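Peer 1: Take a look at the following structure, please.
Since every read-out is calculated from the coordinates, none of them should be taken as a lab result. Every value quoted in this text rests on a predicted model; they were computed, and no experiment measured them. Positions of Cβ are backbone-derived with ideal geometry, glycine not excepted, and every protein chain shown enters the neighbour counts.
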Amino acid sequence: MFGFSVPVVKAEVFSAMPAHFRKRGVVTPWVTANSGGADIHSFLEGPSFDRAGNLYVTDIPFGRIFRISPAGEWTLVTEYDGEPNGLKIHKDGRIFITDYRNGIMVLDPASGRVDSFLGRRHSESFKGVNDLFFASNGDLYFTDQGQTGLHDPTGRVYRLSASGQLDCLIDTVPSPNGLVMNPEENVLYIAVTRGNCIWRGPLMKDGSLTKVGVFYQLYGPSGPDGLAMDVEGNVAVVHARSGNVWLFSKKGVPLLRVETCAGDINTNIAYGGVDNRVIYITESETGTVMRARLPVAGRAMYSHQ
């Protein structure tokens, strides 16, 4: 792929969903549309850590949010009528969720209550929101993926400012998925799943995107999903259905490859651990969370400030 060798780090299993939480014989509209009606037990996404070191994950087809303790023990936080995908934790403790069916939702982790936060833009429904990211000033960036792809390159990226203004930054993306900003917060990276690449978009002083280009072109049957950033500006990329997570420098040079160990449907990642140098990877075929230690600490996100 690269023409030169890349160091390999092997992931290990951190924790797998307990058997009593695995659904059987339940076919939801999401399962029918995305898994051909197969009898799947779960589909994990959206890993994010709270300040106590608990890892939250979503289960898209069954509207569930789980909390996994540092010891790997699972607790069902809530189960509601929705399709939760991305998840990030606000510094005030609220949990924000990109729900494919309902838009942006907010979860109270103490009560398990889920409320609508942003369901539409003006009077128009979203295509199907996917992932989200908080900037240090409280601005919320999120992707609106729907069923877009190379056949329909109309996926969108939005910014909801801390003051409540909603702006569409770009509306020509063939399947926008994960997104993250560099440490200086003047560049936005977007995982373009159906284009099998990462886009890089410099941000102007007024917050608009300019000169958006391809940061890295990937390969294979599926494209990138979740993204994460470390303190040096290196971009970690989950390459769905390849069994790999890649780490690229800010110049687009591949630094290492994380080889996963429990299925190939890797979806998303989050930095965690005592020194924030361990990435945790959701794998949706087996309902497993894996982890691997990386050489540089992850960027301290808005939720941990």
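Peer 1: Across every pair of different alpha-carbon atoms, what Kirkwood hydrodynamic radius in Å does the stretch 11-62 reach?
Peer 2: Final number for the Kirkwood radius of the stretch 11-62 is 12.5 Å.
Peer 1: Taking the Cβ of each residue in Asp139, Asp171 as the centre, tally the other Cβ atoms inside 10 Å and list the residues starting with the fewest. Mind showing how you got there, number by number?
Peer 2: Values: Asp139 19, Asp171 14.
Starting with the residue having the fewest Cβ neighbours, the order is Asp171, Asp139.
Peer 1: Would you mind checking the radius of gyration and Dmax of the chain based on alpha-carbon positions, in Å?
Peer 2: Using the Cα atoms of the chain, the pair Rg, Dmax is 17.6, 52 Å.
Peer 1: Using +1 at the Cβ of each Lys and Arg and -1 at the Cβ of each Asp and Glu in the chain, identify which of Val238, Met17, Pro254 lies farthest towards the dipole's positive end.
Peer 2: Pro254
Peer 1: Here's a follow-up. Applying 1/(1 + (r/R0)^6) with R0 = 22 Å to the Cβ-Cβ distance of Asn137 and Arg51, what FRET efficiency is obtained, to the nearest 0.05? Mind dumping the intermediate values first?
Peer 2: Details: r = 20 Å, r/R0 = 0.89.
Calculated transfer efficiency: 0.65.
Peer 1: By a straight-distance test (C-alpha under 22 Å), which lysines pair with Lys88 as possible cross-link partners, with residues fewer than eight away in the same chain excluded?
Peer 2: Answer for Lys88, where 22 Å is the Cα cut-off: Lys127, listed by chain and number.
Peer 1: Could you list Leu150, Leu256, Leu166 in order of exposure, starting from the residue whose Cβ has the fewest other Cβ atoms within 10 Å? Could you put the intermediate results ahead of the total?
Peer 2: Details: Leu150 11, Leu256 18, Leu166 14.
The fewest-first ordering by Cβ neighbours comes to Leu150, Leu166, Leu256.
Peer 1: Then there's this: Please list 3J(HN,Hα) in residue order for the stretch 104-120, calculated via the Karplus relation 6.51 cos²θ - 1.76 cosθ + 1.60 where θ = phi - 60°; whole Hz, with x for glycine and proline.
Peer 2: 7, 10, 10, 10, 8, x, 6, 9, x, 6, 10, 10, 6, 10, 8, x, 8
Peer 1: Let me ask something else. So, in nm, how far is label Gln217 from label Phe21 when the simple model puts each one 7 Å beyond its Cα toward the Cβ?
Peer 2: Computed distance between label sites Gln217 and Phe21 equals 4.0 nm.
Peer 1: Quick one: net charge around Ala110, please, counting Lys, Arg +1 and Asp, Glu -1 for every other residue with C-beta under 12 Å from its C-beta. Write out the running numbers ahead of the final one.
Peer 2: On the way: positive: Arg67, Arg94, Arg113; negative: Asp50, Asp108.
Local net charge: +1.
Peer 1: A follow-up question, please. In what order do Val180, Val6, Val238 fall by count of nearby beta-carbon atoms within 10 Å, going from fewest to most? Mind dumping the intermediate values first?
Peer 2: Numbers: Val180 22, Val6 13, Val238 27.
Starting with the residue having the fewest Cβ neighbours, the order is Val6, Val180, Val238.
Peer 1: Any chance you could run the full-extension gain for Val9 through Val231? It's 0.36 nm times the residue separation minus the Cα-Cα distance, nm to one decimal. Don't skip to the answer; put the middle values down first.
Peer 2: Working: separation 222, 0.36 × 222 = 79.92 nm, distance 1.93 nm.
Length gained, Val9 through Val231: 78.0 nm.
Peer 1: Report the longest stretch of the chain that contains none of the chymotrypsin sites (Phe, Trp or Tyr not before Pro) sitting in a DSSP loop with at most 15 other Cβ atoms within 10 Å.
Peer 2: Values: sites that count: Phe2, Phe4, Tyr219.
Here the longest segment lacking exposed loop sites spans 5-218.
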